[in-house]
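Below is one structure, written out as structure tokens; the observations come after it.
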Amino acid sequence: MEALLQNEDTIAAVATGMGGAGIGIIRISGPDAVELGNKLFVNPRGKNLLTTNSHELVYGRIVDPATKKDIDEVLVSKMLTPHSYTAEDVVEINCHGGIVPMRKILKLVIACGARLAEPGEFTKRAFLNGRLDLTQAEAVIDIINAKTEKSLEYSVAQLEGRLSHKLEELDNILVEILSHMEVNIDYPEYDIEEISYDFVNSQILELLNKIKDILTVAETGKIYREGITTAILGEPNVGKSSLLNTLLMENKAIVTDIPGTTRDTIEEYLNIEGIPFKIIDTAGIRETDNLVEKIGVEKSKALLNQTNLVIFMRDISKEMSAGEKELIELLKNRKTIYIANKTDVISGMDVEIPEPWIPMSLLEDQGIETLRQKMIEMVFEGTVSQEADYLITNTRHIQLLETTKTSLENAINTMASQMPLELVSIDVMEALEALRGITGKAIGMDIIDQIFKNFCIGK
Amino acid sequence: MTYPGGDYDIIVIGAGHAGSEAALASARIGFKTLLLTINLDSVAMMPCNPSIGGTGKGHLVREIDALGGEMGKNIDATMIQCKMLNTAKGPAVHSLRAQADKKAYQFRMKEVIENQENLLLKQQEATEIIVEDGKITGVMVTTGAVYNCKAAIICSGTYLKGRIIIGNVQYDGGPNGLFPAMYLSESLEKNGIELQRFKTGTPARVDAKTLDYSKMIIQEGDDQIVPFSFETDSIEIDQVPCYLTYTNPQTHQIINANIERSPLYTGEVVGIGPRYCPSIETKVMRFHDKERHQIFMEPEGLNTNEIYVQGMSSCLPEDVQIALYRTVPGMENVEFMRSAYAIEYDCIHPTRLKASLESKAVTGLFFAGQINGTSGYEEAGAQGLVAGINAALYLRGEQPVIIDRSEGYIGVLIDDIITKGIDEPYRMMTSRAEYRLLLRQDNADLRLTEIGHRVGLINDQRYQKFLAKKEQIKQEISRLNQVIVKPNPENNEVLKSFGSSEIQHGLSIGELIRRPEVKYHQTAVFDPERPVLHWSVVEQVEVQIKYEGYIKKQLQQVEQFKKLEHKLIPIDLDYPQIGGLRIEAAEKLKEIKPLSIGQASRISGVSPADISVLLIALEQRRRSGDLKGTDNE
Ligand SMILES: Cc1cc2nc3c(=O)[nH]c(=O)nc-3n(C[C@H](O)[C@H](O)[C@H](O)COP(=O)(O)OP(=O)(O)OC[C@H]3O[C@@H](n4cnc5c(N)ncnc54)[C@H](O)[C@@H]3O)c2cc1C
Ligand SMILES: Nc1nc2c(ncn2[C@@H]2O[C@H](COP(=O)(O)OP(=O)(O)OP(=O)(O)O)[C@@H](O)[C@H]2O)c(=O)[nH]1
Ligand SMILES: [Mg+2]
């Protein structure tokens, strides 16, 4: 029973998000990892996982031990305890055959005796085995969840502590402010500088600005992690579903020439230059009597409120309808990309397409690249001017930063209502505690240490 | 040669501030108590400054009083000046400090002790503790007497292997020219109690007739004295002033020129001194930009010329001390009566104590005061009282009194030293308390009288009075929230005269008092039916109304805190067996054996990650327990 925390069983799962890019990794971790991996692995030169070196990458095939059927071509490495991600024995199978063979391999691994890992269980083990501290563990959870390479890059940056560095700066300022306040409270008769609310105020305002900057970046971080919600809107039959299909390059949405084909919304994930988009194809918006369709229309309108970006599409070969005009009005203050589709129909005719409309012909594969560039542009516009060198993507961290901000704002209010210093200190302390919740550092003696370092007090 | 000295329930070794409280508490609770001291003239002696209280410390004295201790009453009876500090700030950090007549303070305490039923005071130096089967059974003294006991409390202050340092002159000695205790340390170590060496220092006492006060700034007490004890109604005395003067570049130059003669800099002193009591040479060396340091002249009593020179403690040789004192304005012709000195002494590692202050190594043996690595009379008194109470409860077979961090500075103090450990003498500061707004000096009685009454240190009469006060506070607050002030021109005129803004609609007096600029007494004009209340009730009413929002916030924090405090950890948890705990953390946890997750989280070297692991381990232990339970069915 004492061994409950020892991770006695062997677990397996796909270690990179399924359905992402071509290569996927199946990770097996635990005492039986090597033996288990070896059962499935066949090397042309007869190499054996039990005897290969730790961290050596070996080429081979995965073969179903029961049927002897060949599943996929793979690269396999084993990493022996404690020098692995989880600090346990780990085998990683790199396969590039896409989702189907990956699924099959995982099934085989489990059939051979591994247990399917729970979400985040590798990280939990890494954490319990002392491989990760709290921030790292959370960043790794983000890696697990990260949908694209760009997110991955940022999660790695977080791992490397760039965010911590940023937070430490805030931490130092807070400790400094608190030590000034506390020395005034605990050493009232010493000829130390009397702290003024003006001083505290200006320090806190400065801090607030820094926090706001980080939170702005956090907005982007959240977008990176969850994908930018993008809705394709337009009247029926303008080509919305066709656009989605083109962007995805596979037939997902039903495309017909009957207006109102898409009755419900369809969501797909898409990756443009490393930035994840969640694209929503909607039912065409127009006044309609058809009940089923009507529900879809209501949904589309409601959806508008949850999107980061709208792609509005119209059929350029048709007159602009009253409904479309109304919709354009509705979209005025949103991030919107305007698409004039079916330019092939009007080719040769003298129809002018004014800014900001992007001319497009899905039939002739025109305008797609312009749209993709525009989408990227819109993401960065106003959110981050340059690529930030750190990113905060963890929701809990963001919440704690929000708490820090609120507490500091409270401190400013407390001072404004002429409340005494030790009440201001409660707010500032709360801010520090929230901040320390991110880094996991205990408050302990820091403030008192700072007091003795900076002030000549005591008899 | 030894001989049987008699049987006692509890023996207290040391009659300083800790020992006096400990012995009085155990005797008052009803146990036959023996109080030993190397010298009867050192009962409740103040070897350093002649004052009681100050920031944080004043809070401790009020808490001691609320629990039924003696310190508050003793200083009320013997003070010669009193000041409420921090009045420019809010009520949570108001702190009382009084100048004491040192001899009067000692004599009164000695008299109280001598006249206490169940208590015997003896001049004897304890040389050995007698331990059988891991339990304390007696104490032996130099004369060979062996006193039997069921529990003992060691309050030996700075006396264990005391060593005096005045420049290069060094010798074995206790404070104030008294004898040190040279034997007890060895007996403690033999019984598994490890010791460390700490150091502290005190300035010279000078002859008042050689001072020129006209060159100094007079420092007077408050017009209206607020007593320390909740049982003292008022204090009417002619107060004696202190004086303020400053060092100057000449002083600093003498220090710089002679610094290599200071044992602090030659490395001869090994004990660790407190940062908050730096010697004058330390201050000058560390803060060389500071042009002057303040020096206070504090009288040691009414019937003596001795003046305590606060701010000038020093380890420098005597000739250098005299030279540098004489550079200070008003001290040009000063004569020393006692020189400044430092003292090194043995103390224990407080992490080896339980929250009851009982040793983890020897059952029935308690420790309190400077022996635990703290410094200060008030810190000592507070621990003495708790140790006295808990030794008594131990003999009664009852659970110890453990005051938590949200209930009192005493709780903060004890939790800090037993959990975090200390690497320098520990002094109370209000910054150490997370729930400072709740732990005010004005409401110590509301927080702790209940406990004092439960253990038997607060009599029924005082308790009834306390309950009545509590009720009055409650009623007055709810009454004030119901009396409505109308928004008429007369009322608005009055409000304007307070510097407050007009009201547009009816507001309760409670709401008016919440405005920072409006005081309770001012609102009497709106309140014809206001009852006559004691000032201490009014004080509570006003504070509780005015700071209600912040008080609520802290109460919420306390709720969070209590959740972790109530997640108990079994005492037999095998930390090294828990996979995933870092070795450093496992070792610390094993040593301290925290009672709760809350306490564990305060141990330095235990990270939040370790706490997560610990939580998982506890959860798994709990689950496996459940499984066993179902198996049996
Ligand atoms: C030189 C000096 C400077 C100080 N400076 C400061 C300061 O700047 N700030 C501050 O806050 N505090 C200071 N203090 C500390 C303060 O005096 C103590 O913290 C406080 O008195 C401790 O109380 P106590 O009851 O623990 O011990 P003490 O007051 O020291 O009492 C100890 C008692 O134990 C008795 N005793 C010891 N050993 C034995 C034995 N074996 N048998 C019988 N009796 C024994 C002694 O006779 C004495 O009665 C200083 C103390 C000294 C000596
Ligand atoms: N000529 C031409 N036809 C197109 C173009 N793009 C799409 N179409 C056709 O237009 C018709 C409608 O396309 P969909 O993609 O189903 O349109 P939709 O906007 O999703 O329509 P609903 O789901 O009904 O709202 C199909 O027959 C497409 O083949 C284009 O660029 N040029
Ligand atoms: Mg469609």
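Since every read-out is calculated from the coordinates, none of them should be taken as a lab result. No experiment lies behind these values; they were computed from the predicted model shown. Every residue, glycine as well, gets a Cβ built from its backbone with ideal geometry; the counts of neighbours run over all protein chains shown.
Can you give me the distance in nm between label points at A:Glu402 and A:Met349, each placed 7 Å from the Cα along the Cα-to-Cβ direction?
With each label placed 7 Å out from Cα toward Cβ, I get 5.0 nm.
Can you tell me how much longer the chain between B:Ala361 and B:Ala257 gets when fully stretched, taken as 0.36 nm per residue apart minus their C-alpha distance, in nm with one decimal?
Working: separation 104, 0.36 × 104 = 37.44 nm, distance 4.86 nm.
Going from the current span to full extension adds 32.6 nm.
Run the quick spin-label model on B:Glu559 and B:Gln482: label points 7 Å from Cα toward the beta carbon, then report their separation in nm to one decimal.
With each label point 7 Å from Cα toward Cβ, the separation is 2.6 nm.
Set the Förster distance to 56 Å, then compute FRET efficiency between A:Asn43 and B:Lys122 from the Cβ-Cβ distance, nearest 0.05.
Working: r = 87 Å, r/R0 = 1.56.
Once rounded, the FRET efficiency stands at 0.05.
With a ≥ b ≥ c taken as the square roots of the eigenvalues of the C-alpha gyration tensor of chain B, please select rounded if a/c is under 1.5 and otherwise prolate if a/b is larger than b/c or oblate if it is not? Display every interim value, and only then the final one.
Numbers: a/c = 1.56, a/b = 1.08, b/c = 1.44.
Verdict is oblate for chain B.
Going from the alpha-carbon gyration tensor of the stretch B:205-341, what semi-axes, largest first and in whole Å, does one get by taking the root of 5 times each eigenvalue? Spell out each step's value before the answer.
Working: eigenvalues 182, 65, 41 Å².
Equivalent ellipsoid semi-axes, largest first: 30, 18, 14 Å.
Report the convex hull volume per residue for the protein assembly as shown, counting only C-alpha atoms, in Å³. Write out the running numbers ahead of the final one.
Values: hull volume 295.8 nm³, N = 1092.
Convex hull volume per residue, Cα atoms: 271 Å³.
Per 5 Å bin from zero, what fraction in whole % of the C-alpha pairs of the stretch B:344-479 is there, up to the bin with the longest pair?
2, 10, 18, 21, 18, 14, 8, 5, 3, 1, 0, 0
Among B:374-381, B:97-104, how do they line up from the highest to the lowest mean number of other beta-carbon atoms within 10 Å? Walk me through the numbers on the way to the answer.
On the way: B:374-381: 27.9, B:97-104: 23.2.
Sorting B:374-381, B:97-104 by mean packing, highest first, produces B:374-381, B:97-104.
Just going by the charge dipole of chain B, with Lys and Arg at +1 and Asp and Glu at -1 on Cβ, which of B:Leu395, B:Gly330, B:Val538 is farthest out on the positive end?
Result: B:Val538, furthest along the dipole toward the positive end.
Would you tally the net charge around A:Lys69, using a Cβ to Cβ cut-off of less than 13 Å, leaving A:Lys69 out, and scoring K and R as +1, D and E as -1? Spell out each step's value before the answer.
On the way: positive: A:Arg61, A:Lys68, A:Lys104, A:Lys107; negative: A:Asp64, A:Asp70, A:Asp72.
In short, +1.
Given 0.36 nm per residue, what is the gain on full extension from B:Glu548 to B:Arg454 after removing their alpha carbon distance, in nm? Please report the intermediate quantities before stating the final value.
Values: separation 94, 0.36 × 94 = 33.84 nm, distance 2.89 nm.
Full-extension gain reported as 31.0 nm.
Dipole of the stretch B:205-341, Cα-centred, from +1 at each Lys and Arg C-beta and -1 at each Asp and Glu C-beta, to the nearest 20 debye? Provide the component values of the computation, followed by the final result.
On the way: 11 positive and 21 negative charges, 160 e Å.
Dipole magnitude for the stretch B:205-341 comes out near 780 debye.
Highest mean first, what order results for B:383-395, A:410-422, A:345-357, B:503-515 on Cβ atoms within 10 Å? The partial results should precede the final answer.
Numbers: B:383-395: 28.4, A:410-422: 18.3, A:345-357: 10.4, B:503-515: 16.8.
Highest to lowest by the protection proxy: B:383-395, A:410-422, B:503-515, A:345-357.
Pop the C-beta distance of A:Leu248 and A:Lys210 into the FRET formula with R0 = 56 Å and round what comes out to the nearest 0.05. Show your work: numbers first, answer last.
Details: r = 41 Å, r/R0 = 0.72.
FRET efficiency, A:Leu248 to A:Lys210: 0.85.
Between rounded, prolate and oblate, where does the stretch B:566-623 land on the alpha carbon gyration tensor, with a ≥ b ≥ c its root eigenvalues, rounded for a/c under 1.5, else prolate if a/b exceeds b/c? Mind dumping the intermediate values first?
On the way: a/c = 1.34, a/b = 1.16, b/c = 1.16.
Rounded shape, in that the Cα axes give a/c under 1.5.
Put a dot 7 Å past each Cα toward the Cβ at B:Glu194 and A:Leu80; how far apart are the dots in nm?
That separation, rounded to one decimal, is 3.7 nm.
Given a Förster distance of 51 Å, report the FRET efficiency between B:Asp233 and A:Asn172 from their Cβ-Cβ distance, rounded to the nearest 0.05.
0.55
How many percent of DSSP beta bridges within the protein assembly as shown run antiparallel, rounded to 5?
So the antiparallel bridges in the protein assembly as shown amount to around 65 percent.
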